[in-house]
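One structure is given below, encoded as structure tokens.
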Amino acid sequence: MLKVEKRYTKNIGTLTCEGQERIFQTTVAVVGAGGIGGFVIEGLARLGVKEIVAVDKDVFDETNLNRQVLSTVNNLGSPKVIEAEKRVKEINPRVRFQPVSQKACLENLPDFLGRADYIFDATDNIEIRKELSKFVQDTDKVLIHGGCAGWYVQVAVITKHTPSIERLFRDAGDQGAEKVLGNPVFAPMLTAALELSEFCKLVSGKGKPLAGKCLVVNLLTNEYRVFEF
């Protein structure tokens, strides 16, 4: 059996040593470093991935303090990806981090995400989500989608062999539902946790990932539903 550093011993049992080794060799990209993305980046650093590419053009402001784990009263006005880089270095210096303080669009996705094995959708912009879906379906990459608003969470996995994410947003506009429903901290926290669990299943080969399926959670009524899209 392979041995892992002491910091990762609590992963073993859920993950195998071989699964943990595969995580060590994995490069991931996170599009959006705010509510969901901040928790995803935190989790990836603790899991011990090889490299994180974080894409976000925004800076922190006071409206982020209710839910974005990387925001503090001391870093308001600072670029989110730069603060994410500082946090990752504090948690796990062996994880390489590439901050990209630009807006993701279809034209630049190959430059930002080309070497990533897995891509996390942590944005609140539906148009960018559609572009990410097209990108992974034109390549051999995997998109782990997560979205939330109010009491509601959804997570899905998109590959070249699944339908496009557009099926989940047929009647939606460019902006997510949080503009109407708000976004308390528990929603992005849970969304990130579910995305990270999908990532661990995919990398380790355990369980049944949500490929071509969407998990929808209604926290107000404690309902968890999975459907094909």
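Could you report the stretch 180-229's accessible area per residue, 1.4 Å probe, as an integer in Å²? Don't jump to the answer; show the numbers that get you there.
Values: 2630 Å² over 50 residues.
Per-residue accessible area for the stretch 180-229 comes out at 53 Å².
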Over all Cα pairs of the stretch 153-229, the Kirkwood radius sets Rh, and Rg/Rh then becomes 0.97
Toy charge model, Lys and Arg Cβ at +1, Asp and Glu Cβ at -1: the chain dipole around Cα centroid in debye, rounded to 20, equals 840 debye
The value for the chain (convex hull of the alpha-carbon atoms, volume per residue, Å³) is 122 Å³
Sorted largest first, the Cα spans of the stretch 1-50 on the principal axes come out in Å as 38, 18, 15
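Taking the stretch 64-184 on its own, what percent of its Cα-Cα pair distances exceed 19 Å? Numbers along the way, then the final one.
Working: 4048 of 7260 pairs.
Pairs farther apart than 19 Å: 56 percent.
Where does the longest stretch of the chain lie that holds no GluC sites (Glu not before Pro) found in a DSSP loop with 12 or fewer other Cβ atoms within 10 Å?
Working: sites that count: Glu5, Glu107.
Longest site-free region, per DSSP loop and neighbour criteria: 108-229.
At 1.4 Å probe size, with the rest of the protein present, what percent of the exposed accessible area of the chain is carbon and sulfur atoms? Working shown, then result.
On the way: 5530 of 11020 Å².
Heavy-atom surface of the chain belonging to carbon and sulfur, 1.4 Å probe: 50 percent.
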Applying the span-like rule to the chain (DSSP H, Cα extent along axis at least 15 Å, Kyte-Doolittle mean at least 0.0) gives 35-47, 186-204
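The values are calculated or read from the model by the stated rules, or taken from the named source; none is laboratory data. Source: prediction; values computed, not measured. Note that we place each Cβ from the backbone using ideal geometry, even for glycine, and neighbour counts take in every protein chain shown. SASA here: full protein model, heavy atoms, side chains in, ligands and nucleic acids out. Shrake-Rupley method; radii C 1.70, N 1.55, O 1.52, S 1.80 Å.
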